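Structure record follows, encoded as structure tokens.
Values in this text are rule-based calculations from the coordinates and carry no lab data. Values in this document were obtained by computation on a predicted structure and should not be read as measured data. Here the Cβ is made from the backbone with ideal geometry for all residues, glycine too, and neighbour counts use every protein chain on show.
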Amino acid sequence: MAKDNGNERASLPYGSWKTVRAFLGKLKTTAIPPRLDNSVMVGMSGSGKSEMRTAFRFLGLIDSADTVTEKLRELVQAYGTDMWTDMLSDRIHSAYSEVIGTDAEWLDNGTLSLLREKFKAASGMDGKMLDRATRFFLAALDDTGGTYSPHFKVRGARAASMKRAPAKRQSRKAPIPEPEERGPKAPEGTVALPFSFPGRANAVVHIAADMTDAEWGMVDAYVRSYLKLHGGKGRP
């Protein structure tokens with residue numbers, strides 16, 4: 001218990017209940033030491049060890065000298081068995097009896113503000129520490145299989161900035177034209193002879209693949225006659 005203006009207030013657990021539960025499981029598979037010292041809490045940070053001791057003291061699993069109690073032995077023995085939820089429920093409700101009070105009905109229908117008021121009055125905590133203490137309590141209750149007010153886990157609406165994934169840049173390559181867009185297919189036995197005119201649409205002439213000099217002369221004569229009849233300009 002901690003002193004605050006002459007009044008005793010509980011040092012409520014404010015760490016991770018998941019870490020506490022995992023540590024109890026570790027003790028079940030190894031051995032329960034006579035005391036909870038740093039050498040047992042291997043791999044934990046300094047703050048993690050402090051949070052573990054605070055939780056164990058509050059739950060009555062160790063005393064002020066970090067010596068383990070019979071309550072710890074009973075809880076570890078029940079871990080992973082059918083007795084776990086009942087044993088844990090008794091330990092949680094007993095440890096938090098001063099917070100819960102004599103009338104526990106508020107646990108079933110209370111608001112989040114009421115939960116915070118109860119915890120603040122019992123511990124003097126506020127702000128983020130108070131939030132962490134209530135989360136530890138609710139997480140432990142979840143493990144007991146019990147129920148509590150649905151309002152306890154409702155958090156104030158806080159706008160969260162949602163980052164949208166950048167849109168994929170579309171390729172700027174010119175689309176490859178379909179065969180129909182490349183001009184009509186040359187008839188069998190002929191080749192396409194394309195013509196390009198500045199400022200005008202392109203043209204394609206299909207001619208025989210094995211044209212003779214005489215036939216080329218006929219083509220030349222035909223073109224000249226066409227230009228003459230239709231008033232074409234630019235004739236040689």
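For the range 96-145, applying the loop criterion from DSSP together with a ceiling of 16 other beta carbons within 10 Å to the GluC sites (Glu not before Pro) yields Glu105.
Modelled label positions at Arg73 and Thr19, each set 7 Å beyond Cα in the direction of Cβ, lie 2.8 nm from each other.
Close amide H contacts of Val205 (hydrogens built in the peptide plane, cut-off under 5 Å, sequence separation of 5 or more or a different chain): Leu193, Phe195.
Here the Karplus relation 6.51 cos²θ - 1.76 cosθ + 1.60, evaluated at θ = phi - 60°, turns the backbone of the range 74-87 into coupling constants of 5, 5, 5, 5, 7, 4, x, 10, 5, 8, 4, 5, 5, 5 Hz, with x for every Gly and Pro. The length gained on full extension between Thr147 and Asp108, counted as 0.36 nm times the residue separation minus their Cα-Cα distance, comes to 13.3 nm.
In this structure, the amide hydrogen of Phe152, modeled 1.01 Å from its nitrogen in the peptide plane, lies closer than 5 angstrom to no residue at least 5 positions away or on a different chain. Site pair Lys128 and Ser94 shows an inter-label distance of 3.4 nm when each label is modelled 7 Å from Cα along Cα→Cβ.
Past 25 Å, Cα to Cα: identify those pairs from Lys120/Lys153; Lys28/Lys128; Lys26/Lys118; Lys18/Lys49; Lys49/Lys153, in the order given. Kindly include the intermediate steps, with their values, before the conclusion.
Working: Lys120/Lys153 17 Å; Lys28/Lys128 32 Å; Lys26/Lys118 33 Å; Lys18/Lys49 14 Å; Lys49/Lys153 27 Å.
With Cα atoms farther than 25 Å apart: Lys28/Lys128; Lys26/Lys118; Lys49/Lys153.
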